[in-house]
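As structure tokens, the structure follows; a few thoughts come after it.
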Amino acid sequence: MSITLTDTAAERVTGFLVNRGSGIGIRLSVQTTGCSGLGYNIEFVDNTNDDDTVFDNNGVKVIIDAKSLIYLDGTEVDFVKEGLNEGFEFNNPNAKAECGCGESFTV
């Protein structure tokens, strides 16, 4: 089981946590949404839950709940800038298809 952050994503998350002034890392999860069925969700984490799995990448803790882990195992999170747009990009080997806008996926 693994979740990885690229150097660029880790630097961006570290910057967000420093600006926030607190937090132990980020929670990556999936939720039912979008035209393909599942969407990614990222939020800051101050505490972990008993069913969480914690991955440490480039000094950043990525926390995944048990329900989401089966959908996210092997995912690489990157941070990309393209023109005026910037954001996190998910390279998920479990995704069988994505919607046209890239906001949701199916397994």
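The values are calculated or read from the model by the stated rules, or taken from the named source; none is laboratory data. Note that the structure is predicted; figures quoted are calculated from it, not measured. Note that we place each Cβ from the backbone using ideal geometry, even for glycine, and neighbour counts take in every protein chain shown. For the accessible areas, the whole protein counts, side chains as well, though only heavy atoms, and no ligand, DNA or RNA atoms are used. Shrake-Rupley method; radii C 1.70, N 1.55, O 1.52, S 1.80 Å.
So here's what we get for this one:
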| item | result |
| --- | --- |
| Computed accessible area, Asp46, all protein chains, 1.4 angstrom probe, square angstrom | 80 |
| Translational diffusion coefficient (Stokes-Einstein; Kirkwood radius from C-alpha pairs) of the stretch 4-106 at 37 °C, 0.692 mPa s, in µm²/s | 232 |
| Dipole magnitude of the stretch 4-106, debye to nearest 20 (Cβ charges: Lys/Arg +1, Asp/Glu -1, about Cα centre) | 120 |
| Added length on full extension, which subtracts the Cα-Cα distance from 0.36 nm per residue, Asp65 to Thr4 | 20.4 nm |
| Mean residue ellipticity (222 nm) of the chain, computed from DSSP H runs ≥ 4 via -39,500 (n - 2.57), nearest 500 | -6000 deg cm²/dmol |
| Dipole-positive endmost among Val54, Gly87, Met1 within the chain (Cβ charges, Cα centre) | Gly87 |
| Surrounding net charge for Ala9, when Lys and Arg each add one and Asp and Glu each subtract one, Cβ distance under 9 Å | -4 |
| Extension reserve of the Asp56-Val18 stretch, reckoned as 0.36 nm per residue once the Cα distance is removed | 12.0 nm |
